[in-house]
Amino acid sequence: MTEGSAIVSLDSVKKTYMLGTTEVHAVAGVSFSLARGDFVSIAGPSGSGKTTILNMIGCIDTPSAGEVRIDGTITSGLSDDEITGLRSRTLGFIFQSFNLIPVLSVRENVEFPLLLGKGKVSKEQEEWMDRLIEEVGLTDRREHRPYELSGGQRQRVAIARALATNPRIILADEPTANLDSKTGEAIIELMRRINREFGTTFIFSTHDPKIVAEADHVIRLKDGLVAENTLARRANGGGEAAK
Amino acid sequence: MTRLVLKMAARNVLEHRRKSVTVGVIVAAAACLFTLGFSVLDTASEGIRKEFRNRITGDLYVTAKTPKPLSAFSWKDMNSLTEPVPRLEGHAKIKSYVEGLAGVESATSRAVGVVQVTSEGGTGKPGAAMLMGVDTNDYEKAFPDGIRVAGGASWTKGSGGLIVSDMAAGTVGREASKPGSSLTLSSMGMGSAIREAEVLGVLEPEDSNPLLSLLSYVDIDTLRHLLGYYLEDGGETGGTPGAKVAPAAAPNEDDLFSVDTVTVGDPAGGSGGDVAKLLSGLADREPPKIDTDAWQYIVVKVKKGASVDGVRATIEGFIKARGLDATVYGWLDGAGQIASTVLSIKDIFNYIAALIALVALLIIMNALVISVTERTAEIGTMRAIGGTRNFVKELIVTETVLLSSVAGVAGMALGAAGVWLTRLIGFRTDNFIFKILFGGEVFRPDLSLPGCAITLAAVVAIGVVASLYPTKIALRVSPSVAMQRD
């Protein structure tokens, strides 16, 4: 994969926190590239730096050193408004705790990122929303509030919301961690289907081997460093090392 | 965006009940208190303003420029009451100018003096009265509600005579001061003149306005005699028909007992010397001539809708331009201690209201900070999925202003209901102070619309200010908070 074809690339990225007077290297120098349309798993044990890397890719955290490039844009040095714009145009988020807005219905939650941009939605966007809600199987629950939904249903709303602006990349931080295994598998299956259907790049963190096995591209982290970077071939269980 | 913000703000207000109830109750209670307080105090102060304006002070009054301030009756310093109030020099010019001003409803002149009142024949105790000398031709036209006669009558046009205060009548004796009888008026602290005046009527008691209870009214010529306002060069004699001069041609004690006129008789057995001659000679004397332009005050009422300050400035400009030794006061200067007390109470209430607003603001701010802290994940999520800082700011401010406005209007409605109920029932009091403040025994407040406007503005301002710090906290929330585990 060439640098130009990568939708996400990290180059010698480091993230250091101060814990009192002690420096903590959450990410100690990570480089990798991800291709468009990939279904990417960032795996590793707790504290390995998965969430920190997802935050930096999602432009909600900045590296202490190195460079993060999103769809050709280097994120360092962008203003708050430019970063917000980049996030709303290019990125969609799925959170472990679903993070739906409690006062909005299913439909309103999905509509929310669209309204943030323009204040109103077009006819095409309305049809797109309806399709997304249908895709995640919540047409009959569209007017329900989050507290009226199960965990799986909430995560499906979060997936539809993440797709509402038709982003190129969707970041999912341990999307199945708060779900039972059956629901978790259903969610991964849904994400996979959308990935194939819409060509959206999915990058998700997990430590569940079953979910890792679903990925095209697996990046394993250990102590803030890339321990394994594999382009997986799920069909025969084999794989090859990625650059 | 605005519709989204309004929708979310309204739902947040309904969803976060603990915060909404805490904030709502505080704002509603403050708004209710403000509405009641402003209505009661505005009614009291407006009542007092109207009472004074319509009955005695007018909107403005012009007097001579003096080192000590003058009220509308006398000196502001009650210890100086017996000191004569100086004449207003240039009265005719000023009055003529004032009467010609477009914004002036009426301008009337008067003078005051403190006199001793005794009954004819010396029965009853002598009493003191603050005697207001007025032009009986036009005074009641300018102040139709100024003189409230309980027994007897007021002047017929241009006639003279005395309308005695209830207080003075009580001291001198009811029988002696009944209409038709005569009372002897002796000047105090302004020479030693004595006049006799026919009582035309007795004023109503003035329980709710102690200053007015001091006032008795007389035709200006009688007072001019008592004040010694005579023409030095023997001009035309003025005079009001019916104003008795008694004893005839014996205007004052100085005339009677001066060394030039009193001759002591022969102590060895002479008759009384020249006293009888002196007294008989008095009958032949020319009565002194009254100065008909001698006044102390011009009292001005301004037309409804005209600017009192504007008229005042115009009159002051005229006085300055002509180099006249005069000054202009407002009604409040003339009203004395009572009106000042009400306005001081109003100031105290304003301070208390400001303090309540500050306390409410701190409590609301605290509740909002807790609410924002509880919602960091939600705010972080909004930021992560494309919400700008402005969006978050708008949301928090709209939420607070919406809540404080709704609660404020509810509180105001409650306060208005309280005002209405008090008005319906009437707040009765026997307390002397309250009677003065409320202008009588029964107080019926009016809803103060300016008070409501101030209250509404205050609750909205409280909402906006209270939301500033929580908004600052909310804006510090990083989108990465959304990624944190519960």
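The values are calculated or read from the model by the stated rules, or taken from the named source; none is laboratory data. Not measured: the values here are computed from a predicted model. Counting neighbours? That spans all protein chains shown, and the Cβs are built from the backbone with ideal geometry, glycine included. Areas reflect the complete protein model, heavy atoms only, side chains present, ligands, DNA and RNA absent. Shrake-Rupley method; radii C 1.70, N 1.55, O 1.52, S 1.80 Å.
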ask   = If you check B:LYS346 against the conditions, is it of a type in the set (Lys, Arg), within 14 Å of chain A (Cβ to nearest Cβ) and part of a helix (DSSP H, G or I)?
value = no
inquiry  = Just to be sure before I move on: is B:GLY103 of a type outside the set (Val, Ile, Thr) and under 26 Å from the mean Cα position of the chain (by Cα) in the structure I sent?
reply    = yes
ask   = With (1) part of a strand (DSSP E or B); (2) open to solvent by 20 Å² or more (accessible area, probe 1.4 Å) as the list, and B:LEU183 as the residue in question, which single condition is left unmet?
value = (2)
task = Could you please find all residues in segment B:353-389 being out of contact with any strand residue (DSSP E or B) (no Cβ under 8 Å at 6 or more places or on another chain), over 16 Å from B:ARG476 (Cβ atoms) and facing chain A (nearest Cβ under 7 Å)?
result = B:GLY386
query = Mind checking which residues of segment A:160-173 are farther than 8 Å from A:GLY92 by Cβ and crowded, with 23+ Cβ neighbours inside 10 Å?
reply = A:ALA160, A:ALA172, A:ASP173
key: Lone qualifier among A:THR16, A:THR51 - being of a type in the set (S, T, N, Q), in contact (Cβ under 8 Å) with a residue 12 or more places away in the chain and not in a strand (DSSP E or B)   = A:THR51
inquiry  = Looking at (1) under 21 Å from B:LEU14 (Cβ atoms); (2) basic (Lys, Arg); (3) open to solvent by 40 Å² or more (accessible area, probe 1.4 Å), which one does B:ARG444 not meet, given that it meets all the others?
reply    = (1)
message = On the basis of being open to solvent by 10 Å² or more (accessible area, probe 1.4 Å) and at pLDDT 85 or above, does B:ILE433 make the cut?
response = no
task = Note down all Cβ pairs under 8 Å where the first residue falls in segment B:14-29 and is touching a residue at least 40 places away in the same chain (Cβ under 8 Å), the second is open to solvent by 90 Å² or more (accessible area, probe 1.4 Å) and in a helix (DSSP H, G or I), and they're at least six residues apart or on different chains.
result = B:SER20/B:LEU14; B:GLY24/B:VAL406; B:ALA28/B:LEU414
key: Extreme residue, modelled with the highest pLDDT, among residues of segment B:469-480 that are in contact with a helix residue (DSSP H, G or I) (Cβ under 8 Å, 6 or more places away or on another chain), open to solvent by 30 Å² or more (accessible area, probe 1.4 Å) and in a helix (DSSP H, G or I)   = B:TYR469
query = In segment B:294-328, which residues are outside any helix (DSSP H, G or I) and open to solvent by 50 Å² or more (accessible area, probe 1.4 Å)?
reply = B:LYS303, B:LYS304, B:GLY305, B:SER307, B:GLY323, B:ASP325
ask   = Applying the selection to segment A:101-123, what residues are open to solvent by 20 Å² or more (accessible area, probe 1.4 Å), more than 10 Å from chain B (Cβ to nearest Cβ) and within 21 Å of A:THR90 (Cβ to Cβ)?
value = A:VAL121, A:SER122
query = Can you tell me which residues in segment A:131-158 are open to solvent by 60 Å² or more (accessible area, probe 1.4 Å), at pLDDT 90 or above and not polar (S, T, N, Q)?
reply = A:ASP140, A:ARG141, A:GLU143, A:TYR147, A:GLU148, A:ARG154
task = Any chance you could count how many residues in segment B:57-78 are assigned to a loop (DSSP other than H, G, I, E, B), modelled with pLDDT of 90 or more and buried (at least 18 other Cβ atoms within 10 Å of the Cβ)?
result = 2
